[in-house]
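Structure first, commentary second.
The values are calculated or read from the model by the stated rules, or taken from the named source; none is laboratory data. This structure is a prediction, so every number in the text was calculated from the model and none was measured. Positions of Cβ are backbone-derived with ideal geometry, glycine not excepted, and every protein chain shown enters the neighbour counts. Surface areas here come from the heavy atoms of the whole protein model, side chains and all, with no ligands, DNA or RNA. Shrake-Rupley method; radii C 1.70, N 1.55, O 1.52, S 1.80 Å.
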Amino acid sequence: MPVVTVNGRSVHIQELNKEAAETIVLVHGMFSNLSVYYFNIAPLLATKYHVVLYDLKSHGMSEKALTGYDLTSMTNDLLALLEALNLQQIHLGGYSFGGLIALKMAIRFPERISKLAVIEAPDPNDDKTRGIIDEYSREFLEHYVENFTDTTKVKMGKRQMERNHRMYEYLFYQTSIKTDMEFEKNFFGSPAIETIKQPALLLYGTDSNCLNAGKHLEGLIENASLSAVPGDHNIPIQQPLVIAEALLNFFQEK
Amino acid sequence: MDTITTKLSSEEIFNLMKQFITEVIGEEFVEEMDITPESSFTKDLEMDSIEIVSFSEKIKAHFGDQIDFTGWLSSMDLDQLINLNLGMIISYIEECQ
């Protein structure tokens with residue numbers, strides 16, 4: 001398993017097509033892991049680009065951490081990862097919470113980011129999405145049991161239930177993730193968002209309760225264009241090829 | 001792990017896959033399972049996507065460039081991935097050798 005040490009913790013990464021001239025880094029969302037990109041999206045992007053995927057702290061196969069889930073800490077981690085991989089300038093994409101990390105990265109380190117792709121980033125202050133964590137805490141497990149795991153469309157068995165339950169319990173009751181997210185409530189309202197100048201693609205699901213967040217961002221970011229694709233918040237899982245092609249076209253545009 | 005140069009029989013591949021699965025999900029779970037070539041990854045073995053990533057890594061580490069396992073998986077849609085079983089992987093590896 002490829003691992004790099006970032007800010008003193010081990011981070012699981014996957015790299016595809018290391019020989020390519022330009023690099024795309026993709027950030028996954030909360031409760032997820034790099035596999036959201038690994039099977040379909042990353043391989044298509046890797047036909048043209050060096051693609052880097054990584055598991056956020058306490059997610060996937062990266063080391064756990066009790067604190068540091070605010071966007072500043074998360075972007076400190078990403079910057080350190082770029083340093084560790086010797087990447088000066090990248091294209092950056094992020095899904096859901098990873099989309100917020102991507103936005104924050106473009107604000108803090110604009111010289112490092114060429115183009116920005118934001119998939120389904122929620123407005124942390126939106127009534128419908130503000131409680132995304134609380135909503136998860138209520139419904140997360142029920143939803144997972146009743147429905148499907150994120151990419152496999154199959155009811156979870158006992159072992160998966162326990163695994164997910166452990167991650168959930170850890171993130172919610174042992175780490176600072178809840179308070180750290182609460183702290184980011186006014187992220188879309190901060191003037192910093194409007195300083196983003198990179199070309200930005202905003203990909204949202206037509207039936208997603210985050211679509212308004214996408215519209216909001218389109219109004220705030222000068223060079224942003226919103227593209228709505230059929231699906232809800234889970235579009236990278238529902239429509240991986242549509243997402244992959246949209247990303248590839250966007251990153252390739254001159 | 002060394003990159004192998006000799007061809008493996010389907011039984012040897014099966015045993016190797018069983019070993020990788022055990023390494024990924026842990027011996028205590030594998031003991032309770034009857035792993036056969038018909039075992040599907042998601043339904044029978046209950047592997048989630050990050051575990052399939054680990055499993056792919058082990059195949060890559062073992063077979064090297066001989067086998068583009070991730071590329072093969074990426075050509076599948078969701079339903080095909082769900083129905084993926086050990087036998088399909090064994091045949092794929094046999095073809096690539």
| Accessible-area ranking of B:Glu51, A:Glu63, largest first, probe 1.4 Å | A:Glu63, B:Glu51
| said: Let me check something: with ligands and nucleic acids excluded, how do B:Lys18, A:Lys104 order by accessible area (1.4 Å probe), largest to smallest? | reply: B:Lys18, A:Lys104
| Helix-only mean residue ellipticity at 222 nm for chain A, each DSSP H run of n ≥ 4 adding -39500 (n - 2.57), per residue, nearest 500 | -11500 deg cm²/dmol
| said: Residue by residue through B:49-59, how many Cβ atoms from other chains fall within 10 Å of the Cβ on average? | reply: 6
| said: On a straight-distance basis, which lysines could pair with A:Lys215 in a cross-link, Cα separation under 16 angstrom, same-chain partners fewer than 8 positions away excluded? | reply: A:Lys128
| remark: Using the Kirkwood radius over Cα pairs of segment B:10-96, the Stokes-Einstein translational diffusion coefficient at 4 °C and 1.567 mPa s, in µm²/s and rounded to a whole number, is 100
| remark: Any aspartates and glutamates whose Cα falls less than 15 Å from that of A:Lys48, other than same-chain ones fewer than 8 residues away, would be A:Glu15, A:Glu19, A:Glu22, A:Glu245, A:Glu253
| field | Amide H partners (placed H, <5 Å) of A:Ile113, local residues excluded | value | A:Ile90
| remark: From the Cα centre of segment A:182-254 to that of segment A:74-101, the distance in Å is 17
| Karplus couplings for segment A:235-251 from phi (6.51 cos²θ - 1.76 cosθ + 1.60, θ = phi - 60°), rounded to Hz, Gly and Pro as x? | 4, x, 8, 6, 10, x, 6, 4, 5, 4, 5, 4, 5, 4, 4, 5, 5
| field | Square roots of 5 times each gyration tensor eigenvalue, C-alpha, segment A:177-254, largest first, Å | value | 23, 18, 11
| From the Cα gyration tensor of segment A:1-56, with a ≥ b ≥ c the square roots of its eigenvalues, which class applies: rounded if a/c is under 1.5, or else prolate if a/b is larger than b/c, or else oblate? | oblate
| query | Once phi is turned into θ = phi - 60°, what whole-Hz ³J(HN,Hα) does the Karplus curve with 6.51, -1.76 and 1.60 give for every residue of segment A:208-213, x standing for Gly and Pro? | reply | 7, 6, 9, 4, 5, 5
| field | HN-Hα J in Hz across segment A:30-47 - Karplus 6.51, -1.76, 1.60, θ = phi - 60°, x for Gly and Pro | value | 5, 6, 10, 6, 5, 5, 4, 9, 4, 7, 10, 6, 4, x, 5, 5, 6, 5
| message | Rolling a 1.4 Å sphere over the protein heavy atoms, what is the accessible area per residue of segment B:10-96, to the nearest Å²? | response | 45
| query | Which of the residue pairs A:Lys18/B:Lys60; A:Lys18/A:Lys254; A:Lys115/A:Lys185 have a Cα-Cα distance greater than 19 Å in the structure shown? | reply | A:Lys18/A:Lys254; A:Lys115/A:Lys185
| task | Please average, across the residues of A:30-41, the number of beta carbons from any other chain that are within 10 Å of each residue's own beta carbon, and give a whole number. | result | 4
| note | In cubic angstrom per residue, the convex hull of chain A built on its Cα atoms measures 115
| query | Given H placed on each backbone N at 1.01 Å, which residues far from A:Met30 in sequence or on other chains put an amide H within less than 5 Å of it? | reply | A:Phe97, A:Gly98
| message | As an exercise, use a Förster radius of 25 Å and the Cβ-Cβ distance of A:Lys178 and A:Arg108 to find the FRET efficiency, rounded to the nearest 0.05. | response | 0.65
| Built amide H within the under 5 Å cut-off of B:Leu8, gap 5+ | none
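How do A:50-62, A:71-83, A:158-170 rank on mean C-beta neighbours within 10 Å, highest first? Mind dumping the intermediate values first?
On the way: A:50-62: 23.5, A:71-83: 18.8, A:158-170: 15.1.
Ranked from most to least packed, the peptides come out as A:50-62, A:71-83, A:158-170.
Need one word for segment A:1-131: rounded, prolate or oblate. Basis is the Cα gyration tensor (sqrt eigenvalues a ≥ b ≥ c); a/c below 1.5 gives rounded, then a/b vs b/c decides.
rounded
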| request: Would you mind giving the mean number of other chain beta-carbons within 10 Å of the Cβ of each residue in B:70-78, as a whole number? | output: 5
